[in-house]
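The structure appears below as structure tokens.
The values are calculated or read from the model by the stated rules, or taken from the named source; none is laboratory data. None of the values given here were measured: they were computed from a predicted structure. When we count neighbours, we look across all protein chains shown, and the Cβ atoms used for this are built from the backbone with ideal geometry, even at glycine. Accessible surface is based on the protein model in full, side chains and every heavy atom, while ligands, DNA and RNA are left aside. Shrake-Rupley method; radii C 1.70, N 1.55, O 1.52, S 1.80 Å.
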Amino acid sequence: SISGRVDVGQDRGGNVSAPIAGAQQGILTVEPGVRVYGSAGLDYIVVNRGSQIFAQGTSTQPIVFTSRQSVLGTTGVDSIGQWGGIVLLGRANISNCPGATAYGSPNCEAIVEGTNAFYGGNGNSDNTGILRYVRVQHSGFQVLPDQELNGITLAGLGSGTTIEYVQVHNSSDDGFEWFGGNVNAKYLVATGNDDDSFDTDQGFSGAV
């Protein structure tokens, strides 16, 4: 069970070779077959820059991130927005640098949509972990007008990150939304999402 914003690690900044002093790295490991659930729209997971998630299910034991209602068996075909979702933050290049900050520099960073957390930097091979055989369902939440949590937010993720065999089902906003970065992904499924299945912003240059 998750309650409120659950941070994996602290923001270590956009400079891969010189992380912010004192900022702690976190690693979240989720075993095959586990269900992780939130009970309300502002229950969500944030994997901060420099930290990692390893959620590696199997074809017969997928990992499911879902709502409390789903665990209790009370969801229906139109159940959306019952918890927040997953926000993955990396240190790869993004296009929305502040002011005159140079593209690809450690300070080319931005605050991600839906929560107060930074993404972007100088690490195109950054590794935020692995999502494999994962399903995210009944997620998404409007924090403010035009500021929503998606099923999975992939912000500034580098090519060292692995995203494959992943489904987002019944998000109240986008299924998958990329903000910059160059992570590759394959075998993605998006069903029943209330906005875009796939959305890209801020110079995403990976392959799907």
Checklist entry - Within the bounds of segment 178-196, is there any residue that is touching a residue at least 24 places away in the same chain (Cβ under 8 Å), open to solvent by 60 Å² or more (accessible area, probe 1.4 Å) and under 21 Å from V30 (Cβ atoms)? => result no
Next on the checklist: Here are the criteria: (1) crowded, with 24+ Cβ neighbours inside 10 Å; (2) under 18 Å from D174 (Cβ atoms); (3) in contact with an Asp or Glu (Cβ under 6 Å, 6 or more places away or on another chain). Tell me which single one I80 does not satisfy.
Outcome noted: (1)
Checklist entry - Does at least one position in segment 94-111 carry a residue that is out of contact with any Pro (no Cβ under 8 Å at 6 or more places or on another chain), assigned to a loop (DSSP other than H, G, I, E, B) and aromatic (F, W, Y)? => result yes
Item to check | Options G181, G175, G156, G151: the member that is among the small types (G, A, S) and over 11 Å from the mean Cα position of the chain (by Cα) | outcome: G181
Checklist entry - What is the number of the single condition among (1) of a type in the set (A, V, I, L, M); (2) within 26 Å of Q147 (Cα to Cα); (3) assigned to a loop (DSSP other than H, G, I, E, B); (4) touching a residue at least 24 places away in the same chain (Cβ under 8 Å) that I45 does not meet? => result (3)
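Given the criteria open to solvent by 10 Å² or more (accessible area, probe 1.4 Å), in contact with a Phe, Trp or Tyr (Cβ under 7 Å, 6 or more places away or on another chain) and more than 26 Å from V34 (Cβ to Cβ), does D201 qualify? Give the steps one after another, and end with the answer.
On the way: open to solvent by 10 Å² or more (accessible area, probe 1.4 Å): yes; in contact with a Phe, Trp or Tyr (Cβ under 7 Å, 6 or more places away or on another chain): yes; more than 26 Å from V34 (Cβ to Cβ): yes.
Yes; evaluated as a whole, the condition is true for this residue.
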Checklist entry - Can you tell me which residues in segment 116-165 are surrounded by fewer than 19 Cβ atoms within 10 Å (Cβ to Cβ), within 22 Å of S67 (Cα to Cα) and polar (S, T, N, Q)? => result Q142, Q147
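Conditions tested, residue by residue: (1) touching a Phe, Trp or Tyr at 6+ places or on another chain (Cβ under 6 Å); (2) among the aromatic types (F, W, Y).
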{"residue": "R91", "(1), (2)": "no, no"}
{"residue": "N116", "(1), (2)": "no, no"}
{"residue": "H138", "(1), (2)": "no, no"}
{"residue": "F141", "(1), (2)": "no, yes"}
{"residue": "D146", "(1), (2)": "no, no"}
{"residue": "L154", "(1), (2)": "yes, no"}
{"residue": "G206", "(1), (2)": "no, no"}
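Pick out the one residue from V64, V47, V34 that is under 20 Å from the mean Cα position of the chain (by Cα) and within 18 Å of G114 (Cβ to Cβ). Before the answer, list the steps.
On the way: V64 fails: within 18 Å of G114 (Cβ to Cβ); V34 fails: within 18 Å of G114 (Cβ to Cβ).
Answer to the check: V47.
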Item to check | Identity of the residue in segment 13-60, farther than 29 Å from Q142 by Cβ and among the hydrophobic types (A, V, I, L, M, F, W, C), that ends up surrounded by the most Cβ atoms within 10 Å (Cβ to Cβ) | outcome: V16
Checklist entry - Only one of L149, L154 is closer than 21 Å to R49 by Cα, among the hydrophobic types (A, V, I, L, M, F, W, C) and at pLDDT below 95; which? => result L149
Checklist entry - Give me the pairs: first residue in segment 124-146 and farther than 14 Å from H169 by Cβ and in contact (Cβ under 8 Å) with a residue 40 or more places away in the chain, second residue open to solvent by 60 Å² or more (accessible area, probe 1.4 Å) and among the hydrophobic types (A, V, I, L, M, F, W, C), beta-carbon distance under 8 Å, and six or more apart or on different chains, which are they? => result D126/V16; G129/I27; F141/L42; V143/L42
Checklist entry - Which number in (1) among the hydroxyl-bearing types (S, T, Y); (2) open to solvent by 10 Å² or more (accessible area, probe 1.4 Å); (3) closer than 25 Å to V30 by Cα marks the one condition that T101 misses? => result (3)
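Going through segment 53-90 one residue at a time, which ones are in contact (Cβ under 8 Å) with a residue 40 or more places away in the chain and assigned to a helix (DSSP H, G or I)?
Start the filter on segment 53-90 by keeping residues that are in contact (Cβ under 8 Å) with a residue 40 or more places away in the chain, which leaves 53-59, 61-70, 75, 77-90.
Hits for segment 53-90 are R68, Q69, S70.
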